[in-house]
Amino acid sequence: MRIFFVILAFSLVALVSIVGFRGSLFERPPIEIFPDMVRQSKYKAQSESAFFEDGRSDRPVPSGTVHRQYGDPEASERLDDDHFNKGTVNGDYAEGFPMVVSRETMERGKDRYRIFCGSCHGGVGDGQGITVEYGMVGVPDFHTERLHAMPEGEWFEVISEGRGLMGAYKDKLNVEDRWAVIAYVRALQRARLGTEEDVPDDMRGELGL
Ligand code: HEC
């Protein structure tokens, strides 16, 4: 019985603290336990500033700055390149890479993959990353027929926008890095399918073949 009153008392306190004082007027400022970032010192765009000599909060653009749409013809061409930026060609998922995949691309892809994907998808892409041990569910294995056949452009979309339970990574990986990750994943997939025939003759000895 006693426990019942204790629970009742706690519930009342909780109820009153959550809804009890809504709409009541107080003279003193409210107590803020977690003010979060309600008030911050910051400048809003095109506002005044007493700090800078010219009285503007906006800083002048450094001399020589080029608008991203103009100037370097190669860079502005890339902006119109749907394969590179969206992973599509004429609205369909693109097959293949929009750039030359070099050793450097692979190294970069490996580095980014290990940081941003391996925790869930596992170092070898088998879907057995460390988060799975801690209860992450539904992480797919990359070594399935479907994900082998999935066009590079669709991989690009999954990484950029996320899909299902998986989050978007476009704010963490720039466009080049996303392609580099895909190149590395392709290597992981290829590695699973490799046979003895893939080992170059001069390296066979090392593997005891
Ligand atoms: C926090 C864990 C987590 C991380 C990190 C993560 N993924 Fe995933 N990923 C998932 C889960 C969970 C799914 C299954 C999504 C679903 O089917 O709902 C998934 C699905 C996928 C799929 C399959 C989509 C499909 O069509 O079935 C691809 C491809 C993929 N992830 C690539 C990546 C790549 C590349 C990275 C790194 C840039 C990455 N993921 C990072 C959890 C993660």
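The values are calculated or read from the model by the stated rules, or taken from the named source; none is laboratory data. Keep in mind the model is a prediction, meaning the values are calculated, not measured. Ideal geometry is used to build each Cβ from the backbone, glycine not excepted, and the neighbour counts take in all protein chains shown. Heavy atoms of the whole protein, side chains included, go into the accessibility calculation; ligands, DNA and RNA do not. Shrake-Rupley method; radii C 1.70, N 1.55, O 1.52, S 1.80 Å.
Quick notes on this structure:
- From the options R163, R178, R190, residue that is open to solvent by 80 Å² or more (accessible area, probe 1.4 Å), within 11 Å of the ligand (Cβ to nearest atom), out of contact with any Asp or Glu (no Cβ under 6 Å at 6 or more places or on another chain) and not β-branched (V, I, T): R163
- Any hit, the stretch 193-200, residues being surrounded by 13 or more Cβ atoms within 10 Å (Cβ to Cβ) and either touching a Pro at 6+ places or on another chain (Cβ under 9 Å) or at pLDDT 95 or above (or both): no
- Scope the stretch 145-160; condition more than 23 Å from N85 (Cα to Cα) and either open to solvent by less than 50 Å² (accessible area, probe 1.4 Å) or within 10 Å of the ligand (Cβ to nearest atom) (or both); matching residues: R146
- Filtering the stretch 22-58 to residues that are over 30 Å from the mean Cα position of the chain (by Cα), in a loop (DSSP other than H, G, I, E, B) and modelled with pLDDT of 90 or more leaves Q46, S47, S49, A50, F51, F52, E53, D54, G55, S57.
- The requirement of being more than 18 Å from D82 (Cα to Cα), open to solvent by less than 40 Å² (accessible area, probe 1.4 Å) and not hydroxyl-bearing (S, T, Y) is satisfied by F142.
- Of the residues making up the stretch 111-139, those that are near the ligand (Cβ under 8 Å from one of its atoms), touching a residue at least 60 places away in the same chain (Cβ under 8 Å) and either polar (S, T, N, Q) or open to solvent by 40 Å² or more (accessible area, probe 1.4 Å) (or both) are R112, F116.
- The residues on offer are D171, D111, D141, and the sole one that is on the phi < 0 side of the Ramachandran plot, part of a loop (DSSP other than H, G, I, E, B) and modelled with pLDDT of 95 or more is D141.
- Only one of the numbered conditions (1) under 19 Å from E176 (Cβ atoms); (2) in a loop (DSSP other than H, G, I, E, B) is violated by G135, and that is (1).
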